[in-house]
Amino acid sequence: MTGKIEKVGVIGAGQMGSGIAHVAALAGYQVKLYDLSAERIEGGIATISGNLARQVSSGKLEDKERQDTLARIGPATTMEGLADMDLVIEAATEDETVKRKIFSQLCPVLNPEALLATNTSSISITRLAAQTDRAERFIGIHFMNPVPVMKLVELVRGIATEDQTFEMARHFVEALGKTITVAEDFPAFIVNRILLPMINEAIYTLYEGVGTVEAIDTAMKLGANHPMGPLQLADFIGLDTCLSIMQVLHEGLADSKYRPCPLLVKYVEAGWLGRKTGRGFYDYRGETPVPTR
């Protein structure tokens with residue numbers, strides 16, 4: 001490894017991937033954004049453009065910085081377009097089968113010296129690394145959502161991750177202006193190990209009729225000084241992602257306290273995944289979100 005990261009590839013142009021591309025390009029890195037279709041990539045870049053414009057209007061950026069940042073982001077319409085990247089960060093859906101498929105397609109075309117990272121919020125880094133040809137150069141870099149706003153990044157080493165890989169990843173994250181916390185490779189790491197069971201318990205509280213959606217969120221905002229109620233936060237994260245993380249915790253730690261609430265399962269089965277689908281614990285299809293229970 002050369003020890004220097006200049007070109008960064010991001011796999012997944014959704015909320016997390018576009019956010020990672022945004023902060024990497026803003027920090028001066030050349031970025032290539034990949035997704036399954038040109039339309040998704042264009043949508044991701046359009047999201048970045050809009051978010052940068054908001055930063056300019058709020059006085060956080062100069063317009064020249066916005067233009068320069070956008071100029072550093074380009075599309076990769078095939079995996080081969082990531083071949084010369086120094087670091088590739090996978091930010092696909094929180095599904096281990098999907099991630100494994102991505103790594104099996106990416107590794108044969110990727111520069112042998114490149115670092116490979118995953119933005120997984122719960123899945124074993126060691127297990128994912130074992131599906132690649134570079135377990136020593138594989139690491140978890142878990143950004144928080146929304147990436148341009150949230151300061152924290154969890155760094156998670158797999159059992160085979162080399163010290164140099166960790167140091168390069170640390171320098172990269174610090175260059176983005178983020179604060180690092182180092183987590184051990186246990187299911188859901190630190191943030192989601194604590195956060196998702198709280199959200200799941202809030203859903204149980206709704207399921208058991210202890211309170212309404214509005215009552216539960218108001219109670220936690222005003223009673224615990226949370227900036228967002230747990231059900232509102234679940235909608236923001238995506239109920240499918242919440243369910244996936246709870247399933248990882250339940251399976252990985254074999255403790256009944258991590259059993260996903262049946263109501264969470266029902267909402268996901270209905271396709272009510274939160275903000276991204278227009279309905280979750282709130283209905284977002286009107287001018288103002290309305291509780292669905």
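The values are calculated or read from the model by the stated rules, or taken from the named source; none is laboratory data. In this text the structure is predicted, and so the values were computed from the model without any measurement. Virtual Cβ from ideal backbone geometry, glycine too; neighbours counted across all protein chains shown.
The residue that is surrounded by the fewest Cβ atoms within 10 Å (Cβ to Cβ), counting only those in the stretch 147-198 that are of a type in the set (Asp, Glu) and assigned to a loop (DSSP other than H, G, I, E, B), is GLU184. Only one entry of LEU231, LEU239, LEU206, LEU263 meets the criterion of being within 16 Å of GLU94 (Cβ to Cβ), among the aliphatic types (A, V, I, L, M) and in contact (Cβ under 8 Å) with a residue 12 or more places away in the chain, and that entry is LEU239.
Conditions (1) among the aliphatic types (A, V, I, L, M); (2) over 20 Å from ASP217 (Cα atoms); (3) surrounded by fewer than 20 Cβ atoms within 10 Å (Cβ to Cβ), marked per residue:
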| residue | (1), (2), (3) |
| --- | --- |
| GLY238 | no, no, no |
| THR241 | no, no, no |
| HIS250 | no, yes, yes |
| LEU253 | yes, yes, yes |
| LYS257 | no, yes, yes |
| PRO260 | no, no, no |
| TYR267 | no, no, no |
| LEU273 | yes, no, no |
| ASP283 | no, no, yes |
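Taken over the stretch 106-129, the criterion of being over 17 Å from GLN164 (Cα atoms), among the aliphatic types (A, V, I, L, M) and without any contact (Cβ under 8 Å) to a residue 40 or more places away in the chain is satisfied by VAL109, LEU110, LEU128. When you look at GLY158, is it of a type in the set (Gly, Ala, Ser) and more than 24 Å from PHE103 (Cα to Cα), yes or no? No: the conditions fail for GLY158. Scanning the stretch 54-76 for residues that are in contact with a strand residue (DSSP E or B) (Cβ under 9 Å, 6 or more places away or on another chain) and assigned to a loop (DSSP other than H, G, I, E, B) turns up just one, ARG72. (1) within 28 Å of ASN192 (Cα to Cα); (2) of a type outside the set (Gly, Ala, Ser); (3) buried (at least 23 other Cβ atoms within 10 Å of the Cβ); (4) in contact with a helix residue (DSSP H, G or I) (Cβ under 9 Å, 6 or more places away or on another chain): which one isn't true of MET16, the others all being true? Among (1) within 28 Å of ASN192 (Cα to Cα); (2) of a type outside the set (Gly, Ala, Ser); (3) buried (at least 23 other Cβ atoms within 10 Å of the Cβ); (4) in contact with a helix residue (DSSP H, G or I) (Cβ under 9 Å, 6 or more places away or on another chain), the lone unmet condition for MET16 is (4). Residue check: is ASP283 at negative phi, free of Cβ contacts under 8 Å to residues at least 24 places away in the same chain and touching a Ser or Thr at 6+ places or on another chain (Cβ under 6 Å)? Considered against the rule, which asks whether it is at negative phi, free of Cβ contacts under 8 Å to residues at least 24 places away in the same chain and touching a Ser or Thr at 6+ places or on another chain (Cβ under 6 Å), ASP283 comes out as yes. Filtering GLU94, GLU136 for residues that are in the same structural domain as THR161 (by the TED database) and assigned to a helix (DSSP H, G or I) leaves a single hit, GLU136. Checking every residue in the stretch 82-95 against the condition of being crowded, with 16+ Cβ neighbours inside 10 Å, more than 21 Å from the chain's Cα centre (by Cα) and closer than 27 Å to ALA160 by Cα gives at least one match.
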